[in-house]
1. If you go through segment 114-128 one residue at a time, do you hit one that is out of contact with any helix residue (DSSP H, G or I) (no Cβ under 8 Å at 6 or more places or on another chain), of a type in the set (Ser, Thr, Tyr), within 26 Å of Thr66 (Cα to Cα) and modelled with pLDDT under 95?
2. In segment 76-97, what residues are more than 17 Å from Tyr162 (Cα to Cα) and surrounded by fewer than 21 Cβ atoms within 10 Å (Cβ to Cβ)?
Amino acid sequence: MKNHKSIIPYFIVLLLLLSNCKDNSKTEEKKISVKKKEKVTLPTASNNDVSVIKEDNIFVIDQKFTKEDAQKNIIGKPVEVDLSTTSGAMISAYSTYNDEYTIFYKTLENNSWSDWLELEENEHVDNPNRKVFSPKNLNPSVQKIQFKSSKITKSEVVFRIYTFEK
């Protein structure tokens, strides 16, 4: 157990996978008093709205892909996710829209945008109510993130960015 810090990312991936596998359709509804944080909606010129909630070590980004731009791209507005005070982060996503489509993301680091990277579908999750995407690591130098879809989606794609303490 000398090198316990090296297993922490694997433990977090396991937690992410388990949280995405949960089938909430069979749970009982309980009344809980929870103070909700208000969503900030950032409309884009192409009407691909995004809302962001930042709580503790998690960014929850709800992205709607509803309209193509003039170049037939379905791209959301860049979202600020300054990770400079962290030791890194991990991104995962899911959607209740189960049709065939591909999700991509790119990051702004050191004032330079990366190429588009695919957020691959997680083949190990069997949940008929959700399309789940595999987690990917993000560097602490990420300043912004932007998403695009290969086609218009009928429901939002929920991205979660889990940050790690420095």
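The values are calculated or read from the model by the stated rules, or taken from the named source; none is laboratory data. These numbers come from a predicted model, not from an experiment. Heads up, the Cβs are rebuilt from the backbone with ideal geometry, glycines too, and the neighbour counts pull from every protein chain shown.
1. no
2. Lys77, Pro78, Thr96, Tyr97
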